[in-house]
Each structure stands twice: as C-alpha cells, then as structure tokens.
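The values are calculated or read from the model by the stated rules, or taken from the named source; none is laboratory data. In this text, all values refer to a predicted model and were calculated from it rather than measured experimentally. As a convention, Cβ positions derive from the backbone with ideal geometry for all residues, glycine included, and neighbour counts pool all protein chains shown. The area values use the complete protein model at the heavy-atom level, side chains included, leaving out ligands, DNA and RNA. Shrake-Rupley method; radii C 1.70, N 1.55, O 1.52, S 1.80 Å.
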Amino acid sequence: MSHVSLIAADKPLPPCDFREYREKTSGRYTIGFDMGFYVEEHNYYRDAVEELGFEMKPYQYAFDLENCETDLRHLTDYLRENFSAGEEVELWSLWVGSGPGKLRRYRGTLDEFDMDTLGMLFENEKLLEEGQTCLTVAR
C-alpha cells in the first residue's frame, strides 16, 4: 500500500518546487533531507489511482508538503497564482493498492484555508487504507 497526494484541476498547471533541506527528529534519531511543497506530473501511481474509481478533475498532478506554516503558505500562494475567482481545485490524499476505502470530502474557500484545513490532508495517515480525503477548494 502506498500514499499519494494529488492536485486535480480542470486545466493544466505548472510544476513548482519549494523543497529545502530540513531535519526531523524521531525518538533519538535526527534525519535530514530535502522536503517541502512541490508539484509535478502525476505518472507513477496513475493506474492505481484510477483503480480506486473516484471521480476526479481531469488534470492531475502529484504534490507533497509537510504539515507546517511554510508549506501552507507555498500551497496557498500556488493556488492563488494559478486559479481565478470562481474556479475550484481538488486536493486528494489517497492510499492506493488495497481498494477505495472510505472517502471523506471537505469543501471550502481558499481564504478559509488554514493549518486546520491543511491538517485534513494528513488525517488519513492515521487511518491508512480506511481513509481517503478530498478537499475541494474554491477561489
């Protein structure tokens, strides 16, 4: 089973990369590597995502971020730059490889998007295959 995060839109989107070297501590170990917000073509898990059978907007891009203020700002800036008033985008957090699981859908506006909203994308990490999440964000 693997996790994938997607941005799904009604139009093509540009890639971006705001990754930077960061360190994380878990127990007594500290590891460092490049992490942070980025958007790229969705290629690797495309077939597995399609097998889930969820209706998604046609243009899909893999993205990643950490549950932190810096990545929240990069994400919301990216959405503001690439979507106009009246447009919507879907942010998906999915487990692939074991069936569709339970889908939770949330809806809100970009102006309402805050750390609590961002946290919804990380809920399913605790639920594993039972949790699939779609945030529909209106500009």
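Got at least one residue in the range 122-132 being modelled with pLDDT under 95, part of a strand (DSSP E or B) and surrounded by 15 or more Cβ atoms within 10 Å (Cβ to Cβ)? Yes. Residues that are touching a residue at least 40 places away in the same chain (Cβ under 8 Å) and open to solvent by 40 Å² or more (accessible area, probe 1.4 Å) within the range 71-100 comprise Arg80, Ser84, Ala85, Gly86, Glu87, Glu88, Gly97, Ser98, Pro100, listed in sequence order.
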